[in-house]
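What follows is a single structure, written as structure tokens, with notes after it.
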Amino acid sequence: MKPSHSQPRSKREPGQDPRPQGAPGTGSLVLVATPIGNLGDITARAVEGLKSADVIACEDSRVTAKLLAAAGIEKPLLPYHDHNAEAMRPKLLARIAAGARVALVSDAGTPLISDPGYKLVQAAVAAGLPVTMLPGPSAPIMALALSGLPSDRFLFGGFLPAKSKARRDAIAEAARAPVTLIFFESAPRLLDSLQDLLAVLGDRKAAVARELTKLFEEVRRESLSALIAHYAQVGAPKGEIVIVVGPPAEERASAEDVDTLLRRALASMSVKDAAATVAAATGAPKRTVYARALELQEEK
């Protein structure tokens, strides 16, 4: 039996100061997740965290200003993005060290996901400064949940490269992982990326999620080839896009599957690149695939 005089665990009440425990006035870095489209998704803790911040570091002050105005918050804003991060980081760390609470937000969603925030966290941790987080909306997780694809194991690949060769290399790198793949993409490059995904991965199940939490939210769940056919017909969609691709089939690819993938890859790639891509996607021996690629190339 536990002694009756044991102390109860302390609990944080809704709206309580989210600053890590410490001496009064202790500075801290607070990561605050913001809505990915629908302003109604901001959490009560996020609002309180922004209200109690001394300064808010953000990607685009115009975007964050709209969010703060909607929540009735007035706070100083400091830009922190890819182009000024090196110069701003020591200034933000100095403020925290001096006792200020710095809230970090991205334009939408969870900070550090495809933005330079992780370097600020890394530097704050290295300096022994308190870091905490107020969790909330995340586009990759929402897209994964809505895709209908396996969600127990997944890999988030961020934004795919703009150039096809680099994009296919990135896809091939992730191809063998027995997990669901998640990528960000822009609307103008969606069709090209879907075609490269098909060329490297084969015709897997996939989903295209766009405008999540917004008025025109849409999730299309089809095979990669069917998605390609759809967007080739209707054109590039509008809005922010997340591509979710299912894991590879458990069974190893048959010779017929390898030939199909090779023929598709050889239509736009060299023999060497096509063989490397198909070998990565199927797990077949590279030498065997390369030899077969040469045979198919000669048949043309």
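Readers should treat all values here as calculations from the given coordinates under stated rules, not as data from a laboratory. Bear in mind that the values here come from a model prediction, so they are computed numbers and not experimental data. Using ideal geometry, Cβ is built from the backbone for each residue, glycine included, and neighbour counts are taken over all protein chains shown.
Of all DSSP-defined beta bridges confined to the chain, some 50% are antiparallel rather than parallel.
For the peptides 134-140, 148-154, 90-96, the ranking by packing is 134-140, 90-96, 148-154, with the highest mean count of neighbouring Cβ atoms within 10 Å listed first. On full extension, the segment bounded by residue 123 and residue 51 gains 23.5 nm, given 0.36 nm per residue less the C-alpha separation.
Compared with the direct C-alpha span, the chain from residue 145 to residue 86 gains 17.7 nm at full extension, assuming 0.36 nm per residue. When the charge dipole of the stretch 140-245 is built from unit charges on Cβ atoms (+1 for Lys and Arg, -1 for Asp and Glu) and taken about the Cα centre, the candidate among 188, 146, 208 whose Cα reaches farthest toward its positive end is 188.
In plain terms, the C-alpha convex hull of the stretch 140-245 casts an average shadow of 5.8 nm² when viewed from every direction. Here, the stretch 87-141 yields an orientationally averaged convex hull projection of 4.0 nm² when only Cα atoms define the hull.
Among 212, 160, 68, the largest mean-square fluctuation in a Gaussian network model of the chain, built with springs joining Cα atoms closer than 10 Å, belongs to 68. Placing unit charges on the Cβ atoms of the charged side chains and taking the dipole of the chain about its Cα centre, the candidate lying farthest along the positive direction among 245, 120, 177 is 120. In this structure, the pairs whose alpha-carbon distance is over 28 Å, taken from 66/163; 119/238; 119/163; 75/238; 238/272; 91/214, are 66/163; 119/238; 75/238; 238/272; 91/214. Rounded is the label for the stretch 256-300, because a/c, from the alpha-carbon gyration tensor with a ≥ b ≥ c as root eigenvalues, stays below 1.5.
Per q in 0.14 Å⁻¹, report the Debye log10 I(q)/I(0) for the chain, using one uniform scatterer on each alpha carbon and no solvent. Computed log10 I(q)/I(0) values: -1.02. Under a 5 Å amide H cut-off, with hydrogens placed 1.01 Å from N, residue 206 pairs with 222, 223, 224, 246 among residues at least 5 apart or on other chains. Diagonalising the gyration tensor over the Cα atoms of the stretch 180-222 and scaling each eigenvalue by 5 before taking the square root yields semi-axes of 20, 12, 8 Å, largest first. Within the stretch 28-136, DSSP assigns beta bridges of which about 5% are antiparallel (rounded to the nearest 5). Computed from the C-alpha gyration tensor, the three semi-axes of the ellipsoid equivalent to the stretch 155-201 are 16, 12, 9 Å, from longest to shortest. Across all Cα atoms of the stretch 28-136, the radius of gyration (one decimal) and Dmax (whole number) stand at 12.5, 36 Å. When 169, 82 are sorted by how many other C-beta atoms sit within 10 angstrom of their C-beta, beginning with the fewest, the order is 82, 169.
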